[in-house]
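Structure first, commentary second.
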Amino acid sequence: MENLYALMDTLLPFEVFRFSFMKNAFLAVLLLTPLLGLLGTMAVNHQMAFFSDALGHSAITGIGLGILLGLRSDLMAMLIFGVVWAVLICLIKQSGSASTDTIISVFSSTSIAAGLLILARGGKFARYSSLLIGDILAVTPEDLLSLAIALPLGVILWAAMYNQLLLTSVSPSLARSRGIHTRLVEGAFVVLVAVAVMLAIRWVGVLLINALLILPAAAGRNLARNSRQHAVFSVLIALFSGILGLILAYHQDTSAGASIVLVAAACYALSLLLRRWRK
Amino acid sequence: MPLHRCALCHIDLDQVSVRRGGQLLLQDVSMHIHCGQLTVLIGQNGAGKTTLIRALLGEIPHGGAIRHVDSAGRDLAHLTTGYVPQHLSFDPEMPLTVTDFLASAFSRRPVWTGIRKSVRARVAEALADVNAAGLGDTPLGRCSGGELQRVLLALALHPAPDLLVLDEPVSGVDRNGLKMFLDTVTHLKETRHMAILLVSHDLRLVREYADHVVLLDKNVLAQGQPEAVFSSPAFESVFGTGAEKTVPPRPDVLLPEMLLTDTPPAHGGAAHVHTARESEAPQPDVLLPEAPSAHGDAAHTHAAREGEKSRPAAGLSRIARITSSPRSKASAAPAADPGAEKEADR
Ligand SMILES: Nc1ncnc2c1ncn2[C@@H]1O[C@H](COP(=O)(O)OP(=O)(O)OP(=O)(O)O)[C@@H](O)[C@H]1O
Ligand SMILES: [Mg+2]
């Protein structure tokens, strides 16, 4: 870790990165935003923006249940609950019993209510309010290590399922006729999104995590003409927003998550203008 | 026209029934889909045509048996099916080109990392085979109904299927476009080794192109040669009395009239075809509409655009294209000798 810090000092001799907490935050942004940007492309194309929003909310319940069950690690509790929750939504959606929007809305509000019920017992919710806003300056070297493992794993999984997921999003029926296990592929995708969201949520916060997943991909989509451009633009915009947002937050002494999302939103607005202008 | 080019195999449906949500959607459907023949499923909306296809594809559970057998009734191993679905449900704003779409099916390499040259070449060839060569860079969501249909056909033909299933690929496509499509399908039938099952509502074109017609309404009401089915009492009870008369017989019987009504001028083809049809079919409720608005989707919204763009002359160049693809070249040369062709198809 020390070597890495020394390397960063030579490569990025800026005042912003003087403190190691800023170095950690910077590395976390470098590791996390590309993965969210990539996954976001399909979340947007699959019309799952609302789904990932609900997934973020389920983190509250995850932590609540973790406390009830006496789990030591909040992250573990969120991961397990998030994955279970995602698979459940996916199963109900695939059984085709009601419209997706409605199902997700029901899940989302249920999980928030259940989480609040547990966390707010005895009026102690304030202790968990950081969960809502996130704190990217609290990233530890151990977190970075787990991120460094999660990122390549996530990208590999993503690469392995992408084509099948793409065909499924165009026509599940057609995909099945070509031997694709559409349910399995969709399930794997929501699990991957759930894991990425839960890893990021402590730093970005429940309120904003979805924006980080959706905004870069939505902006990239306005500029892209094909799948490759979509992925490239989305990752670049995610990285750009992450880094610029972090630096702005440092200078303005404000929430990093919020400024990252605002930069991404500005990118989105710009992409809309560019798209109009190009037509 | 030789119908049983390959008398070797067929798909054998034996008393297939489908039950969904306590409702019997299909009951004891028995039919054969022969290799080298165009089998057309007709029937009203909700008759169960798509349901039968989904059972055939193994998408929904069914009773009875579906087998792929050779002429002696022995089971053949794997049945490769190419499928063109009735409609797609994707976001038309998705940044996905036709090439991306086909490459994602042809190759395992994720298309966002780029597309290999060899895969690009295969995609281009597949598109050229169905007269869609210029569509590679078009976003999938901007394809017109007829273009989308050809792209889906290109996909369904790779890998080479034993059975090609085309579920009503007519939605949002004018008669001219459908004719072009059917010409392509007929050419495939004659040059490649496959059985073709088509769902269509355009009874006139069905009569012209089908080898075998199956009239479905939960079960098989009538099946056989087009003429036989169209003059059956069941046909009359489904499509109304006199419906048979509004559907002119095959062009080889009534060639001059067909040429007059079916060859539109180079410009404004769609409008012309429609007037021709209206004046010919005085009972519009008798002749089923070509593009039932219930399943418009992306394809349907482009109907008008397709009308503007349809190029009647393109049908010929397509045939030329198909015969010049390496695979069919091998079989096209000795076309006079069915035996040699079978060899080439292997
Ligand atoms: N999953 C399902 N559960 C219950 N009923 C269904 C289901 N899918 C289809 N049906 C019903 O089965 C019947 C046949 O539907 P199908 O889609 O096979 O008709 P079709 O012949 O393809 O009609 P069209 O010409 O409109 O395409 C319809 O009445 C439909 O409502
Ligand atoms: Mg149908």
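Run down A:L223, A:L236, A:L174, A:L184 and say which single residue is more than 14 Å from every other protein chain (Cβ to nearest Cβ) and over 13 Å from the mean Cα position of the chain (by Cα). On inspection, the qualifying residue turns out to be A:L184.
Within the range B:67-97, the set of residues being within 16 Å of ligand 1 (Cβ to nearest atom) and free of Cβ contacts under 8 Å to residues at least 60 places away in the same chain is empty.
Within the bounds of the range B:84-100, is there any residue that is of a type outside the set (S, T, Y), out of contact with any helix residue (DSSP H, G or I) (no Cβ under 8 Å at 6 or more places or on another chain), away from ligand 2 (no atom under 16 Å from the Cβ) and open to solvent by less than 60 Å² (accessible area, probe 1.4 Å)?
no
Screening B:G58 on (1) in contact (Cβ under 8 Å) with a residue 24 or more places away in the chain; (2) within 14 Å of chain A (Cβ to nearest Cβ); (3) of a type outside the set (A, V, I, L, M) shows it passes everything except condition (1). The set of residues in the range A:214-231 that are in contact (Cβ under 8 Å) with a residue 12 or more places away in the chain and either open to solvent by 10 Å² or more (accessible area, probe 1.4 Å) or in contact with a Ser or Thr (Cβ under 6 Å, 6 or more places away or on another chain) (or both) comprises A:I214, A:L215, A:P216, A:A217, A:A218, A:A219, A:G220, A:R221, A:N222, A:L223, A:H230, A:A231.
Yes or no, residue by residue, for (1) open to solvent by 20 Å² or more (accessible area, probe 1.4 Å); (2) touching a Cys at 6+ places or on another chain (Cβ under 8 Å); (3) without any contact (Cβ under 8 Å) to a residue 12 or more places away in the chain:
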residue: A:D135; (1), (2), (3): yes, no, no
residue: A:V139; (1), (2), (3): no, no, no
residue: A:P152; (1), (2), (3): yes, no, yes
residue: A:V191; (1), (2), (3): yes, no, no
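Has the range B:141-152 got any residue that is more than 15 Å from B:P85 (Cβ to Cβ), open to solvent by 10 Å² or more (accessible area, probe 1.4 Å), in contact with a Pro (Cβ under 7 Å, 6 or more places away or on another chain) and away from every other protein chain (no Cβ under 11 Å)? No, because not a single residue in the range B:141-152 is more than 15 Å from B:P85 (Cβ to Cβ), open to solvent by 10 Å² or more (accessible area, probe 1.4 Å), in contact with a Pro (Cβ under 7 Å, 6 or more places away or on another chain) and away from every other protein chain (no Cβ under 11 Å). Inside the range A:245-263, residues that are assigned to a helix (DSSP H, G or I) and closer than 13 Å to A:A25 by Cβ make up a count of 10. For the range B:75-82, indicate whether the set of residues that are open to solvent by less than 10 Å² (accessible area, probe 1.4 Å), away from ligand 2 (no atom under 16 Å from the Cβ) and in contact with a helix residue (DSSP H, G or I) (Cβ under 6 Å, 6 or more places away or on another chain) is non-empty. Checked against the condition, which is being open to solvent by less than 10 Å² (accessible area, probe 1.4 Å), away from ligand 2 (no atom under 16 Å from the Cβ) and in contact with a helix residue (DSSP H, G or I) (Cβ under 6 Å, 6 or more places away or on another chain), the range B:75-82 yields at least one hit. Scanning the range B:107-125 for residues that are in a helix (DSSP H, G or I), within 14 Å of another protein chain (Cβ to nearest Cβ) and not charged (D, E, K, R) yields a total of 5.
The values are calculated or read from the model by the stated rules, or taken from the named source; none is laboratory data. Here the structure is a predicted model, which is why all the values come from computation and not from measurement. Counting neighbours? That spans all protein chains shown, and the Cβs are built from the backbone with ideal geometry, glycine included. Keep in mind that these areas ignore ligands, DNA and RNA; they rest on the heavy atoms of the full protein, side chains included. Shrake-Rupley method; radii C 1.70, N 1.55, O 1.52, S 1.80 Å.
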